[in-house]
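The values are calculated or read from the model by the stated rules, or taken from the named source; none is laboratory data. Model, not experiment: these values are computed from the prediction. Quick reminder, even Gly has a Cβ in these numbers, built from the backbone with ideal geometry, and neighbours come from all protein chains shown.
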Amino acid sequence: MQETTLLLLTVYGVVSIAFLALWIKHRSVSLYNQKMAVKLGSMKGNLSDTSDKLDLLSRGVDTILSDAPEVHNLLGVHRSLESAESLLFNQGIPISNSESCAIASHATKVLLTHYPETSDGSFEPIPGLIPLAKRLAAILTEAEMKAEDIELSAGEHRRFGEILHLVNRFDWAADCFQRANELDPDDESSLRSLSEIRRQSGDLISLDRTLERLLAIVPDDVEALQEQLVLLEGRDDERIERNGKRLEALGIGFDPSEKEMEVSGITKRAREYEVGEKLGSGIPSSVSHLTKKAEKQLILGEVDIALETVSLAIEQDAKFGPAWSLKARLVAAKGKTVKEAIKCLRRANALGEYTVIFESEILEKDGRSDAAIEVLEEHLERSPGDSEARGRLSQIWLSKGSIVSSKAILDGAPDECWDSSNMNVMKGRLSLVQSEEHRDETGKLDSMAVIDSLVSFDRAIEIDRESGLAWLGRARALRYQGALDEAEVALVRARRLIPQHPSIPLEEAQLCIEIGDLEQANSLALEATTILKNNPTVPFIRGIISARLGRLEEAKKLFSTALELQPEHVRARLNRSSAALLCDDLETALDDANFLVKTRPNHQLARLRRSEILMNQGDWKSAEIELRDLLKINSNHSLGLVHLGTCMIAMGKSEQAEKPLNKAIEANPHLSEAWYQRGLLYLDFGKSDEALSDFESAVSSDPQHIDARLRIAAVLHEKDDVEKAALAWRRVLDVDPQSRLARRRLEECRELKKSSEAIIPKD
């Protein structure tokens with residue numbers, strides 16, 4: 001009984017626990033469902049709110065578009081500006097100047113579609129256009145562009161100027177109005193807008209010039225005549241009488257008092273107006289403004305006007321150093337005496353301005369490089385860590401042809417100097433010159449020196465990626481290495497950074513020579529001629545181009561021009577010697593070779609060239625002596641060994657010719673001329689099979705070697721190997737289609753083949 005009771009209690013316990021577990025699970029599910037319901041309700045509420053907001057926004061947009069539907073199209077302007085920014089400032093994508101201008105021009109034209117031309121001038125910019133115009137102005141400024149870089153018509157430039165005027169970009173607006181006037185000199189509206197900007201800025205000098213241009217178009221413009229009269233007051237100017245007579249003819253009595261009040265306000269602004277940030281040096285704003293204005297005038301090429309402006313600044317404050325420094329630059333630009341420019345620089349230096357670089361430039365330009373060196377050396381004694389001055393001094397020594405002195409200046413630099421991009425650029429340039437000085441027997445540059453230069457230029461770029469000189473040097477080093485595609489990329493970058501650098505077109509020309517585009521190379525060289533009038537490299541490069549085009553007499557004259565400018569130009573003299581040799585002007589060729597051997601006894605190419613000239617004169621003995629002197633310098637000079645073998649054969653010493661020819665082939669197995677000359681030697685020995693093998697090796701090294709191909713054909717012809725001989729003569733014609741001998745012998749082979757076929761009986 002007790003056991004039964006215990007069993008029942010156990011069963012009831014298990015059942016109770018099961019029910020309890022089910023209840024807990026049910027409760028948990030119920031709570032989860034409640035939470036999910038709350039969450040879904042919240043989400044529905046959020047979605048409802050979001051939907052309401054979107055609906056409200058949509059209705060707002062619809063309202064705006066209904067009032068100004070043209071706003072929608074401004075999205076296209078935004079996208080255009082975004083693309084322009086991406087393309088112009090993405091450093092990973094090199095683009096040319098022309099491409100940059102095209103990108104900027106497209107963006108500007110897209111903007112102008114929303115500011116169309118109107119007849120009455122009543123059009124107002126649509127909402128949202130002004131911020132986009134400010135953004136475009138910022139893009140153009142960052143890209144360092146000018147109005148002339150933007151490919152627009154006169155009317156488009158005027159409209160663009162109007163927009164920029166609205167956003168208070170007076171500098172850009174003025175530039176656009178000026179450009180509009182250049183493109184359409186009869187456009188008076190651009191000049192009127194420009195006059196307004198000149199009034200606002202207080203620029204009386206420019207205002208006067210603008211009014212004068214306006215009066216050239218509309219001579220009877222009363223307002224312009226009156227305003228100019230007031231501007232000219234107190235000056236001895238014949239235009240005063242002219243304007244007075246015009247007003248009188250128009251029946252207008254001029255009372256200057258009212259105009260004077262207006263112009264007096266302009267004059268006041270000219271004295272107080274300040275462009276850009278204040279210097280905070282206690283200098284009156286008018287002095288800094290006038291100096292900055294003079295700088296802008298200099299950039300525009302208005303040297304005389306800039307000199308007047310900076311002189312006015314010095315009159316107001318003779319202790320303002322930047323004005324004296326700028327005056328020195330303007331005096332030098334005017335071509336006045338160096339003494340006057342130096343005097344201004346010394347005054348600027350006494351007032352704390354850094355002038356040593358510019359002073360050295362003025363002295364060097366005046367032909368006083370020794371004085372420039374002295375100025376820089378004195379400065380470096382006081383400031384040995386001045387990397388700019390040290391690099392400049394090294395450059396002057398290099399330009400004087402003293403590689404040793406140039407290197408010594410760099411070697412003596414303190415460690416901190418090598419954090420300068422310019423110092424590394426100078427080191428790279430020096431390495432390139434050294435690579436040229438240490439060419440091998442074939443004229444190939446010293447590869448290690450080229451690598452050193454590339455390392456220096458890369459270091460300069462690492463310090464300053466905007467160093468155009470570093471990119472230019474890198475382009476040259478890569479060209480020397482034969483990496484022409486990379487060189488072109490670096491050169492594009494250099495032109496973008498330093499577009500006006502005189503060496504850019506020269507380097508481009510040399511790159512085109514390497515690529516094989518001689519026509520483009522010639523155009524670039526001619527461009528360089530207008531920039532570098534007395535630079536010997538220009539006629540030298542043009543001479544190389546002429547020689548490549550087969551115009552040898554022209555090349556010789558150009559090399560002569562280079563030598564007139566720089567008698568020590570080794571490559572110009574060597575190339576003139578080669579051109580003269582090919583023109584049968586053996587006297588000039590020998591004179592140049594003798595000069596080089598005398599001044600540079602270890603110059604291998606010079607000695608080789610002299611031996612070649614002597615061989616052409618038939619002076620085999622002198623040629624032999626010259627070649628043996630060459631081989632004392634370089635016993636493995638492959639061409640020297642070949643020429644020595646040729647001399648031996650010519651002098652009837654064939655038994656002595658084989659040794660140098662064998663050594664030449666050993667030194668350079670790919671030298672076709674070595675194989676060819678040894679083939680001739682074997683013919684002399686009666687070894688036709690050995691000769692044939694050497695001629696074939698010559699052709700293998702140089703498929704265009706016509707003499708070797710002729711010898712192969714001749715040997716096979718003499719062997720009566722008609723099939724092989726005919727094939728050999730056809731290959732001669734492939735190289736030289738005009739060869740009469742090959743055509744005649746090929747016909748002989750055909751006749752022999754016909755005769756042999758006629759003799760053989762048919763089955």
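Checking each residue in the range 601-625 for being surrounded by 16 or more Cβ atoms within 10 Å (Cβ to Cβ), charged (D, E, K, R) and in contact (Cβ under 8 Å) with a residue 24 or more places away in the chain picks out Arg607, Arg609, Glu612, Glu624.
One line per residue, one yes/no per condition, for (1) free of Cβ contacts under 8 Å to residues at least 24 places away in the same chain; (2) over 13 Å from Gly428 (Cα atoms); (3) in a helix (DSSP H, G or I):
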{"residue": "Phe457", "(1), (2), (3)": "no, no, yes"}
{"residue": "Ala460", "(1), (2), (3)": "no, no, yes"}
{"residue": "Arg465", "(1), (2), (3)": "no, yes, no"}
{"residue": "Leu469", "(1), (2), (3)": "no, no, yes"}
{"residue": "Leu472", "(1), (2), (3)": "no, no, yes"}
{"residue": "Leu478", "(1), (2), (3)": "no, no, yes"}
{"residue": "Ala490", "(1), (2), (3)": "yes, yes, yes"}
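Report yes if Leu716 is without any contact (Cβ under 8 Å) to a residue 12 or more places away in the chain, in the same structural domain as Leu746 (by TED's automatic domain parsing) and in a helix (DSSP H, G or I), otherwise no. Considered against the rule, which asks whether it is without any contact (Cβ under 8 Å) to a residue 12 or more places away in the chain, in the same structural domain as Leu746 (by TED's automatic domain parsing) and in a helix (DSSP H, G or I), Leu716 comes out as no. Quick one: would you say Leu207 is over 36 Å from the mean Cα position of the chain (by Cα) and in contact (Cβ under 8 Å) with a residue 40 or more places away in the chain? When the stated conditions are applied, Leu207 passes them. The listed residues are Glu378, Glu437, and the only one of them that is within 25 Å of Leu326 (Cβ to Cβ) and modelled with pLDDT under 90 turns out to be Glu378. Taking the criterion of being of a type in the set (A, V, I, L, M, F, W, C) and either under 49 Å from the mean Cα position of the chain (by Cα) or in a loop (DSSP other than H, G, I, E, B) (or both), the residues of the range 719-750 that qualify are Val732, Leu733, Val735. Just so you know, in the range 629-655 the residues that are loosely packed, with under 15 Cβ neighbours inside 10 Å and in contact with a helix residue (DSSP H, G or I) (Cβ under 7 Å, 6 or more places away or on another chain) include one that is farthest from Leu596 (Cα to Cα), and it is Met651. Being of a type in the set (S, T, N, Q), at pLDDT below 90 and surrounded by 23 or more Cβ atoms within 10 Å (Cβ to Cβ) is the requirement here; does Ser453 meet it? Yes, satisfied. Somewhere in the range 667-682, is a residue assigned to a loop (DSSP other than H, G, I, E, B), in contact with a helix residue (DSSP H, G or I) (Cβ under 7 Å, 6 or more places away or on another chain) and among the polar types (S, T, N, Q)? Within the range 667-682, one or more residues are assigned to a loop (DSSP other than H, G, I, E, B), in contact with a helix residue (DSSP H, G or I) (Cβ under 7 Å, 6 or more places away or on another chain) and among the polar types (S, T, N, Q). Taking the criterion of being at pLDDT 85 or above and out of contact with any helix residue (DSSP H, G or I) (no Cβ under 8 Å at 6 or more places or on another chain), no residue of the range 138-181 qualifies.
The condition of being exposed (fewer than 14 other Cβ atoms within 10 Å of the Cβ), over 29 Å from Leu605 (Cα atoms) and in contact with a Leu (Cβ under 9 Å, 6 or more places away or on another chain) does not hold for Asp689. Of all the listed residues (Leu445, Leu432, Leu472), the sole one being among the hydrophobic types (A, V, I, L, M, F, W, C), on the phi < 0 side of the Ramachandran plot, at pLDDT below 90 and touching a His at 6+ places or on another chain (Cβ under 9 Å) is Leu445. When Asn168 is tested against (1) touching a residue at least 24 places away in the same chain (Cβ under 8 Å); (2) more than 21 Å from Ser96 (Cα to Cα), exactly one condition is not met: (1).
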